[in-house]
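Please treat every number below as a calculation from the coordinates, not as lab data. Note that the coordinates shown come from a computational prediction; the quantities given were computed from them, not determined experimentally. Virtual Cβ from ideal backbone geometry, glycine too; neighbours counted across all protein chains shown.
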Amino acid sequence: MHTLYLLAPRSKNNPSSRHRDFYTILANGVGPDYGISTGQMGQIHSGMPVILFDRDRALQARGTVTSCSATTRAANGVQRYNVTVRGFSREPYTHPPRMNRFGVAIY
């Protein structure tokens, strides 16, 4: 079974920005505005395992996808989605794979 990986870095340009901060996503259970290609969306389903991580602070949590809801389109036309996750639990950091430019990968 494939796993969805979501990058949630702390903003280096604006440290007060909480747009995709690891702790905010962990608390809310929603990963906001991730650019997900049509091919990737075809692989994402309810019940799919998801790993949320922050490389800079070596943070990681595991949960389960419940839904993806379309939001806006990126400048290059890729649809953005809010990814809703349930059952997040913290786990030891394990160097996740490379991500696309939107901070999303499926392995």
One residue is enough: does segment 61-75 have a residue meeting the conditions touching a residue at least 40 places away in the same chain (Cβ under 8 Å) and of a type in the set (Ser, Thr, Tyr)? no
Test Ala70 against the stated conditions and say whether it is among the small types (Gly, Ala, Ser) and not in a strand (DSSP E or B). no
